[in-house]
Amino acid sequence: MIKKKIHIENAVRKLRFNSDEMTQQGLAELVGVSRQTIVAIEKYKYTPSLDLAFKIALAFDREIQEVFFIN
């Protein structure tokens, strides 16, 4: 069986700008992480835990699949 790495994309940056240009720091404070974690998520350097992914989706009042998806 060949294992293929899954690349999870996200709409975090777009959603921040559509939410009154929310800052990375503002989102970080809402979900309880550092600004650097939000930077890493937006740059696809870090895939958040399921718990954090749900917190981010809830911060934008969106379904998780609207924020994180496989393209």
Taking segment 1-25 and the residues there that are among the hydrophobic types (A, V, I, L, M, F, W, C) and open to solvent by 100 Å² or more (accessible area, probe 1.4 Å), the one that is modelled with the highest pLDDT would be 6
List pairs: first in segment 1-20 and at negative phi and hydrophobic (A, V, I, L, M, F, W, C), second surrounded by fewer than 11 Cβ atoms within 10 Å (Cβ to Cβ) and not in a loop (DSSP other than H, G, I, E, B), Cβ under 7 Å, 6+ apart or cross-chain? 6/70; 8/70
When segment 26-71 is checked residue by residue, the ones that are surrounded by fewer than 12 Cβ atoms within 10 Å (Cβ to Cβ) and in contact with a strand residue (DSSP E or B) (Cβ under 8 Å, 6 or more places away or on another chain) are 44, 69, 70, 71
Sort out which residues of segment 17-39 are more than 17 Å from residue 67 (Cα to Cα) and of a type in the set (S, T, N, Q), and write them in order of number. 25, 34, 36
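Can you name the helices (runs of 4 or more DSSP H) wholly within segment 25-71 that have at least 3 residues being more than 18 Å from residue 5 (Cβ to Cβ) and of a type in the set (Lys, Arg)? Working first, answer last.
Numbers: elements: 35-42, 50-59, 64-67.
Counting at least 3 such residues, we get no helices (runs of 4 or more DSSP H) at all.
The values are calculated or read from the model by the stated rules, or taken from the named source; none is laboratory data. Bear in mind the structure is a predicted one, so any value in this text is a computation, not a measurement. Cβ coordinates were reconstructed from backbone atoms using ideal geometry, including for glycine residues, and neighbour counts include every protein chain displayed. These area figures cover heavy atoms from the full protein model, side chains too; ligands, DNA and RNA do not enter into them. Shrake-Rupley method; radii C 1.70, N 1.55, O 1.52, S 1.80 Å.
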